[in-house]
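Inspection log for the structure reproduced underneath, given as structure tokens.
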Protein chains: 2
Amino acid sequence: MTHPGLDDLFTLLRFPSVSTDPARRAETRACGSWLLNKLKGIGLSAELHETPGHPIVLARNTHKPGRKTVMIYGHYDVQPAEPLAEWRTPAFEPTVVGDRIMCRGATDNKGQLMAHLRGVEETLAAEGDLPVNLIFLFEGEEEIGSPNLKPFLQARAAELKCDLVAISDTGMVAEGKGTFTYGLRGIMCAEVTVKGPSIDLHSGIFGGAVMNPNKALARLAATLHDDEGRVAVAGFYDDVRPLQDWEREAWQGLGDSAGETQELTGVPALHGEVGFTDQERRWARPTAEINGIGGGYQGAGSKTVIPREAFMKLSFRLVPDQNPERVLEQVKAHLKKHTPPGVVLDLHDGHSGLPYVMDPHSKEGAAAQRALQQTFGGSVALIREGGSIPIVQAFKDVLGVDTLLLGLALPDCQAHAPNENFPLANYEAGVRLNKALLRELAAVV
Amino acid sequence: MTHPGLDDLFTLLRFPSVSTDPARRAETRACGSWLLNKLKGIGLSAELHETPGHPIVLARNTHKPGRKTVMIYGHYDVQPAEPLAEWRTPAFEPTVVGDRIMCRGATDNKGQLMAHLRGVEETLAAEGDLPVNLIFLFEGEEEIGSPNLKPFLQARAAELKCDLVAISDTGMVAEGKGTFTYGLRGIMCAEVTVKGPSIDLHSGIFGGAVMNPNKALARLAATLHDDEGRVAVAGFYDDVRPLQDWEREAWQGLGDSAGETQELTGVPALHGEVGFTDQERRWARPTAEINGIGGGYQGAGSKTVIPREAFMKLSFRLVPDQNPERVLEQVKAHLKKHTPPGVVLDLHDGHSGLPYVMDPHSKEGAAAQRALQQTFGGSVALIREGGSIPIVQAFKDVLGVDTLLLGLALPDCQAHAPNENFPLANYEAGVRLNKALLRELAAVV
């Protein structure tokens, strides 16, 4: 079996385009520039647009009146690859192991982005035109919350006017099972530091007489949840829209995912909010997570120190109709109220994004499901997903359009983790999906 | 003013003899070898003794019958210098700033060790002999709990037989105030890891369905204390000997140290066990401290990850008559009982040492106080100290002798912290103290 376009995908994967890392700024930009030239090479008109951060790459075919205008979004930036020691292949050298491409970004999102690009390349080569007016919009800041994309959309709303957006950056419920995602969780990130002594202290000399920032941080972090897995921040659930009956039934029809989640994660036991299934916990319930915690001595052996500060990096996954700004205020009030004596609290809010939900039974939703059915066969799973793509809400807010989420990632593709990978078969399915999707959307009246 | 012997002290300080760091093994050994040659050079017979860890340096004058035998203990290893960015002078290059020598180890313990060595050097040069039979015992593992010193004492108990031990490795209550320390806290260290998923997880995909090890660790850590600053481990206080009235009165006579502690530490407010003074909290009450905590993403920006594990490095300061082994069992039981669901607990115990107390009104205690009075003038403060010198208990157990603790460190010498320093005046006082001490001890009947 040949894998058309793999050379291009491998070239794209080799750029260590880690958007959160200032040291990778030039390489992230080079990744965008490479895409620009590739898009021009397949016959599209393409431009690289500067932003205060990493550039946005825009491309389009010759638009003609009377056709649907479809925007396909992707992102060329990736998560950090750390911890590097846990990779079995080099993090930024694509390596085929069995039927998978191993590389940071293979799934999220370069593999899926390139499948669409290759689909368009093949259609243009075979037919000289596409059935729709196409806009490719590829950004380099998705993994840091797309801070510059919404202003970009706002500034160019007229020229970016389209009928809908399509994105492949979500998951499939199982290998070979076409999956349509109609909802996403939002996110609100914050970094919390508690500061105590002005210098690191000897825990023998001063231990017992001052609040240890590590202790203060742990006690503060422990107030974020109650004993039944609920977030204990006052008002946190006020705006949560209850799950509808058809959703709960559709998900139950997919089978309980608890066993699969336990197998994929390797946890000794699942743990979550009392009263909800595994799918509901992951797709439709809000969370508070401590993504990083640190303070004091981190090296080998022991050091009897009381550190001057300790930190935690928090993220809150949000569901309709929670609002990140309101949750930020709730979290600030909670942390302020629960800060132990003897330390000072410092909070910096990070990126955020609204949760999203669309009607999967709309005309465009139905067309997307037909394209998935043609690509994969069998019935199509209707799901929400637990991750956050804040830009989906931005498309809704600024351009007034829904987003079709046609994911190609499998549950074991290890997005964001070491040994991220993407099946060769999913790359090829993605190429076919691109062709079917543009054809089906062109036919929607 | 000249500072006799400073060249030697500076040479000693330049060795980065960090005993806990395997990468510093050769340099720690080189530090011991330099001491060996220095001791030979001043006219003592000296030997370097191998241990499974860093070597022990032993030296003695010609012992004569009918004289007191005094062992002077010191250690040539130091704490890690991290965080290096906070040093205003190079961590391992002694630099005189004002009236202080800045360097890792300046106070703890190389400056104090060298004051004794210089005192002996000067007495030998001037008088050709010492008033006592002297044994210098310098080890290289004090900062990691002296794992090889007790076996060394046991193996050589006969040749190390002495009447008492003297150590300068404790603090003075104020500049110029001779201070006799008659008690020390013990210690018990342990490293705790909680393990959850087998790989780092995407907090969007799996958040809400698994226990986050960072959260589990924080919740576990938060169980270590109650809301009034007491350690909440069952049985922890069972063996704590109550403070005696004369001690509480002697310490009250020194004045409440709360203001000084707040100034030295720079904390926004003091915080400790309800019902005890600042001195009592630091010198005579047991503690539980989290010296290090870590898990998940530690870099710049955010990474939406659920890490596979998180750790904390614990140390417990112990007071008479607590026992480290019993406390370890209590802590293990506590942590096991309070481990949240969905993670597995892993505990490794580290170094430990018994707490120590002696009678400051003994003949030797009185002689030490006279030497301090002659060196510094004024009255001598009788205190306990919050730090741990496990070897003091080992001298008691193996050699059956008390230890005189004649500290030369000031509260702002920043032992164990960045910008550790030692006053030139205290170095010179230490040289005088060594001469007075040997003279006074020789006179004890």
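Among the residues of the stretch B:34-45, not a single one is polar (S, T, N, Q) and either touching an Asp or Glu at 6+ places or on another chain (Cβ under 7 Å) or closer than 27 Å to A:T304 by Cα (or both). Among residues of the stretch A:107-136 being part of a helix (DSSP H, G or I) and polar (S, T, N, Q), the one that is farthest from B:I199 (Cα to Cα) is A:T123. Counting only residues that are buried (at least 19 other Cβ atoms within 10 Å of the Cβ) and either under 18 Å from B:I391 (Cβ atoms) or acidic (D, E) (or both), the stretch B:54-75 holds 12 of them. Answer yes or no: is there a residue in the stretch A:260-271 that is in contact with a strand residue (DSSP E or B) (Cβ under 9 Å, 6 or more places away or on another chain) and more than 14 Å from chain B (Cβ to nearest Cβ). No, the stretch A:260-271 contains no residue that is in contact with a strand residue (DSSP E or B) (Cβ under 9 Å, 6 or more places away or on another chain) and more than 14 Å from chain B (Cβ to nearest Cβ).
Within the stretch B:145-164, not a single residue is within 11 Å of chain A (Cβ to nearest Cβ), aliphatic (A, V, I, L, M) and either surrounded by fewer than 21 Cβ atoms within 10 Å (Cβ to Cβ) or not in a loop (DSSP other than H, G, I, E, B) (or both). Count of the stretch B:162-195 residues, restricted to those that are charged (D, E, K, R) and out of contact with any helix residue (DSSP H, G or I) (no Cβ under 7 Å at 6 or more places or on another chain), is 4.
Put simply, of A:E289, A:E329 the only residue that is among the charged types (D, E, K, R) and more than 14 Å from chain B (Cβ to nearest Cβ) is A:E329. Among the residues of the stretch B:355-390, those that are aliphatic (A, V, I, L, M) and either more than 14 Å from chain A (Cβ to nearest Cβ) or over 19 Å from the mean Cα position of the chain (by Cα) (or both) comprise B:V357, B:M358, B:A366, B:A367, B:A368, B:A371, B:L372, B:V380, B:A381, B:L382. Filter the stretch A:304-362 for residues that are under 27 Å from A:L405 (Cα atoms) and acidic (D, E); which is surrounded by the most Cβ atoms within 10 Å (Cβ to Cβ)? The residue in question is A:D321. Restricting attention to the stretch B:231-258, the residues that are within 13 Å of chain A (Cβ to nearest Cβ) and modelled with pLDDT under 95 add up to 2.
Cβ separations smaller than 8 Å between residues 6+ apart or across chains give the following pairs from the stretch A:311-336 residues that are on the phi < 0 side of the Ramachandran plot and acidic (D, E) to residues that are crowded, with 24+ Cβ neighbours inside 10 Å and at pLDDT below 95: A:D321/A:P355.
Looking only at residues of the stretch B:212-225 that are assigned to a loop (DSSP other than H, G, I, E, B) and touching a residue at least 40 places away in the same chain (Cβ under 8 Å), we find that the one that is farthest from B:P341 (Cα to Cα) is B:L224. Within the stretch A:77-104, the set of residues being free of Cβ contacts under 8 Å to residues at least 12 places away in the same chain and more than 20 Å from A:T28 (Cα to Cα) comprises A:A85, A:T95, A:G98. Could you tell me which residue of the stretch A:293-326 is farthest from B:K215 (Cα to Cα), considering only residues that are within 19 Å of the chain's Cα centre (by Cα) and within 7 Å of chain B (Cβ to nearest Cβ)? Among those that are within 19 Å of the chain's Cα centre (by Cα) and within 7 Å of chain B (Cβ to nearest Cβ), it is A:R317. Taken together, the residues in the stretch A:384-419 that are crowded, with 24+ Cβ neighbours inside 10 Å and out of contact with any strand residue (DSSP E or B) (no Cβ under 7 Å at 6 or more places or on another chain) amount to 1. Under the condition of being at pLDDT below 95 and of a type in the set (S, T, Y), the residues counted in the stretch A:4-18 number 0. Taken together, B:L270, B:L224 contain a single residue that is within 25 Å of B:P355 (Cα to Cα), surrounded by fewer than 20 Cβ atoms within 10 Å (Cβ to Cβ), at pLDDT 95 or above and of a type outside the set (S, T, Y), which is B:L270.
For (1) within 25 Å of the chain's Cα centre (by Cα); (2) closer than 16 Å to A:R185 by Cα; (3) among the β-branched types (V, I, T), each residue gets a yes or a no:
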{"position": "A:K215", "(1), (2), (3)": "no, no, no"}
{"position": "A:A218", "(1), (2), (3)": "no, no, no"}
{"position": "A:D226", "(1), (2), (3)": "no, no, no"}
{"position": "A:V231", "(1), (2), (3)": "yes, yes, yes"}
{"position": "A:F236", "(1), (2), (3)": "yes, yes, no"}
{"position": "A:V240", "(1), (2), (3)": "yes, yes, yes"}
{"position": "A:L243", "(1), (2), (3)": "yes, yes, no"}
{"position": "A:E247", "(1), (2), (3)": "yes, yes, no"}
{"position": "A:Q252", "(1), (2), (3)": "yes, no, no"}
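Of the residues making up the stretch A:386-445, just one is in a loop (DSSP other than H, G, I, E, B) and among the hydroxyl-bearing types (S, T, Y), namely A:S388.
For the stretch B:194-205, filtering for residues that are closer than 21 Å to B:F311 by Cβ, at the interface with chain A (Cβ under 7 Å from one of its Cβ atoms) and either in a loop (DSSP other than H, G, I, E, B) or under 38 Å from the mean Cα position of the chain (by Cα) (or both) leaves 6.
Within this structure, A:E280 fails the test of being more than 7 Å from chain B (Cβ to nearest Cβ), surrounded by fewer than 23 Cβ atoms within 10 Å (Cβ to Cβ), farther than 21 Å from B:K215 by Cα and not β-branched (V, I, T). Condition (residue is within 25 Å of B:P80 (Cβ to Cβ) and buried (at least 23 other Cβ atoms within 10 Å of the Cβ)) applied to the stretch B:367-383: is it met by at least one residue? Checked against the condition, which is being within 25 Å of B:P80 (Cβ to Cβ) and buried (at least 23 other Cβ atoms within 10 Å of the Cβ), the stretch B:367-383 yields no hits at all. For the stretch A:165-193, a tally of residues being part of a loop (DSSP other than H, G, I, E, B), within 13 Å of chain B (Cβ to nearest Cβ) and acidic (D, E) returns 1.
Can you say whether A:E228 is touching a residue at least 12 places away in the same chain (Cβ under 8 Å), of a type in the set (D, E, K, R), more than 9 Å from every other protein chain (Cβ to nearest Cβ) and in contact with a strand residue (DSSP E or B) (Cβ under 8 Å, 6 or more places away or on another chain), as far as the supplied structure shows? Outline the logic, then answer.
On the way: touching a residue at least 12 places away in the same chain (Cβ under 8 Å): yes; of a type in the set (D, E, K, R): yes; more than 9 Å from every other protein chain (Cβ to nearest Cβ): yes; in contact with a strand residue (DSSP E or B) (Cβ under 8 Å, 6 or more places away or on another chain): no.
Answer is no for this residue.
Considering each of A:G128, A:G32, A:G74 in turn, give the residue that is without any contact (Cβ under 8 Å) to a residue 12 or more places away in the chain and of a type outside the set (K, R).
Unique residue meeting the criteria: A:G128.
Taking the numbered list (1) acidic (D, E); (2) within 14 Å of chain B (Cβ to nearest Cβ); (3) buried (at least 24 other Cβ atoms within 10 Å of the Cβ) in turn, A:E139 passes all entries but (2). Look at (1) touching a Ser or Thr at 6+ places or on another chain (Cβ under 9 Å); (2) crowded, with 24+ Cβ neighbours inside 10 Å and you find that B:P80 fails only one, number (2).
The values are calculated or read from the model by the stated rules, or taken from the named source; none is laboratory data. Values in this document were obtained by computation on a predicted structure and should not be read as measured data. Virtual Cβ from ideal backbone geometry, glycine too; neighbours counted across all protein chains shown.
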